[in-house]
Amino acid sequence: MSNTNFANSQPLTPAEQIKTAAAELGFSVVGICPAAQPPGLSHLDRWIAAGFAGEMGYFASRREAYADPAAVLDGVRSLIVLAMPYRTSEPPAEVEGRGRVARYAWGNDYHDVIRERLAALGDSLQTLVPGARVRGVVDTAPLLERDFAQVAGLGWAGKNTLLLNRQQGSYFFLAVLLTDAELAYDQPFERDHCGTCRACLDACPTQAFIEPHVLDASRCVSYLTIEHRTAIPAELRAGVGDWLFGCDVCQDVCPWNRKAPTTTLAEFWPRDDRAAIELTALFELDDAEFRKRFRGTPLARPKRRGLLRNAAIVLGNQRNRAAVPTLIRALDDDEPLVRGAAAWALGQMGGPKAVAALTARLRAELDAEVAAEINAALLSAG
């Protein structure tokens with residue numbers, strides 16, 4: 001790598017050289033900011049206190065760590081904040097019997113992809129600044145990446161709470177390389193370019209936005225299908241629509257994403273039928289087969305029981321009667337979470353076969369929550 005700027009014949013600074021190295025590794029935007037208390041800490045406190053974190057108790061348990069990046073790397077002075085785009089092809093048309101998957105999960109697990117490149121970037125920094133200590137993180141450490149991205153000049157927080165960049169939109173992952181080296185810092189991004197637009201707020205299928213910039217995660221389809229470990233609340237199931245894993249609605253309607261670039265990294269392009277997965281086939285997978293199919297992908301996160309719960313909800317929303325035999329078999333699944341979701345889906349479809357299967361299962365069901373789901377489903381089925 002050259003360390004000379006031919007325009008002014010001045011040697012490139014370590015900050016400039018690390019940005020060049022980051023671009024060569026596939027990061028589309030890079031900014032550097034001091035390791036200080038994040039500006040959104042009070043917002044985090046209010047968000048947790050309001051109960052908007054849902055079952056994500058790690059936000060409250062790690063609250064003190066979020067206040068100081070030194071909790072992630074002792075002696076840290078600088079944060080190199082990076083964006084890596086993941087937009088690929090456009091989503092397929094909606095097809096009955098298939099469930100949609102959020103764009104970011106179409107390819108390999110982004111944690112693995114980005115960590116490898118962060119390690120390489122850390123090596124580059126240690127070459128430039130001998131003795132420097134580094135640590136790369138990708139949304140698993142107590143660090144408010146979006147806040148630091150704004151301080152580092154990458155963009156602004158949109159009304160949908162995601163970071164927006166005028167050239168990149170929001171289809172990108174955020175990552176941070178922390179270091180105890182003191183580097184030249186970028187100017188914070190001060191402007192908000194959302195204006196009066198409400199597209200993301202109005203399009204949310206579960207009305208998860210309490211107000212601009214405030215998301216009740218416990219209502220968000222992405223949270224419900226990935227992080228939520230128990231039954232999806234009955235009043236929110238219709239809002240899940242045909243989303244099997246995650247949700248892109250608030251990004252798809254954002255004007256800043258109309259010209260968002262596509263990624264050059266093959267790891268993020270769709271694998272197999274990942275963008276829209278055939279649902280009934282999922283019920284044929286046991287735990288071992290599930291792990292084999294989804295190992296190394298984001299879809300492994302909710303585990304078999306969570307993904308099958310989601311699949312049953314989608315089938316119920318689609319009223320896909322071709323799936324009735326599969327859902328009847330799912331009433332005997334080992335997982336109560338799957339049995340309860342299958343019961344709800346059969347209740348949405350109704351019909352003699354569904355009612356007979358639900359009635360038979362109710363006589364044998366020992367789990368009180370599943371029995372309640374079956375009773376509610378029988379009422380829905382008429």
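The values are calculated or read from the model by the stated rules, or taken from the named source; none is laboratory data. This structure is a prediction, so every number in the text was calculated from the model and none was measured. Note: ideal-geometry Cβ built from the backbone for every residue, glycine included; neighbour counts use all protein chains shown. These area figures cover heavy atoms from the full protein model, side chains too; ligands, DNA and RNA do not enter into them. Shrake-Rupley method; radii C 1.70, N 1.55, O 1.52, S 1.80 Å.
Things worth noting here:
- Projecting the Cα atoms of Phe283, Gly195, Pro298 onto the dipole axis of the chain, where Lys and Arg carry +1 and Asp and Glu carry -1 at the beta carbon, places Phe283 farthest toward the positive end.
- Fluctuation leader among Arg46, Arg100, Arg77 - the chain, Gaussian network, Cα springs under 10 angstrom: Arg46
- Note on Gln187 and His213: with the Förster distance fixed at 25 Å, the Cβ-Cβ geometry gives a FRET efficiency of about 0.70.
- Computed from Cα positions, the angle between helix 303-318 and the longest principal axis of the chain comes to roughly 60 degrees.
- Cα shape, the stretch 184-279, gyration tensor, a/c 1.5 rule: oblate
- Environment charge at Cys254 (Cβ cut-off 14 Å; Lys +1, Arg +1, Asp -1, Glu -1): +3
- Residues whose amide H falls under 5 Å from that of Arg133, counting only those 5 or more places apart or on a different chain, are Asp180, Ala181, with hydrogens built in the peptide plane.
- Relative to the current alpha-carbon distance between Leu379 and Asp112, full extension at 0.36 nm per residue lengthens the span by 91.5 nm.
- Shape analysis of the stretch 224-275 places it in the oblate category; the axes a ≥ b ≥ c from the Cα gyration tensor give an a/c of at least 1.5, with a/b not above b/c.
- With q set to 0.13, 0.20, 0.32 Å⁻¹, the log10 of I(q)/I(0) for the stretch 278-321, from the Debye formula over equal scatterers at the Cα positions, is -0.27, -0.60, -1.19.
- With the helix formula -39500 (n - 2.57) applied to DSSP H stretches of n ≥ 4, the chain reaches a computed 222 nm mean residue ellipticity of -11000 deg cm²/dmol.
- In degrees, nearest ten, helix 352-364 long axis to first principal axis of the chain (Cα): 80 degrees
- The H on the amide N of Leu154, modeled in the peptide plane, is under 5 Å from the matching H of Phe189, each at least 5 residues off or on a different chain.
- Contact order, relative form, for the stretch 268-382: 22 percent (alpha carbon pairs under 8 Å, 6 or more residues apart, mean separation divided by residue count).
- Only Lys, Arg (+1) and Asp, Glu (-1) charged, at Cβ; the chain dipole about Cα centre in debye: 580 debye
- Overall form of the stretch 288-382 per C-alpha gyration tensor (a/c, 1.5; a/b vs b/c): prolate
- Residue-by-residue Karplus 3J(HN,Hα) for the stretch 62-77, coefficients 6.51, -1.76, 1.60, Hz, glycine and proline x: 10, 3, 5, 5, 5, 6, 8, x, 5, 5, 9, 9, 4, x, 4, 10
- Candidate lysines - alpha carbon under 21 Å from Lys303, same-chain residues fewer than 8 apart omitted: Lys292
- For Arg293, the shell of other residues with beta-carbons less than 14 Å away shows a net charge of 0, using +1 for Lys and Arg and -1 for Asp and Glu.
- Area accessible to solvent at Leu282, 1.4 Å probe radius, in Å²: 0 Å²
- Share of pairwise Cα separations in the stretch 336-380, more than 11 Å, in percent: 56 percent
- For Lys159, the lysines whose Cα falls under 27 Å of its own Cα, not counting residues fewer than eight places away in the same chain, are Lys259.
- Top of Tyr58, Tyr66, Tyr185 by mean-square fluctuation, Gaussian network on the chain, Cα under 10 Å: Tyr58
- Chain lengthening between Thr13 and Glu96 when straightened (0.36 nm per residue, less Cα-Cα): 24.4 nm
- Helix 110-128 vs. the chain, principal-axis angle (Cα, 0 to 90°, nearest 10): 10 degrees
- Whole-Hz couplings from phi, Karplus 6.51/-1.76/1.60, listed for the stretch 375-381; x for Gly and Pro: 4, 5, 5, 5, 5, 5, 5
- Calculated from backbone phi, Karplus (6.51, -1.76, 1.60) coupling profile of the stretch 237-249 in Hz, x at Gly/Pro: 5, 4, x, 5, x, 10, 7, 7, 8, x, 6, 10, 4
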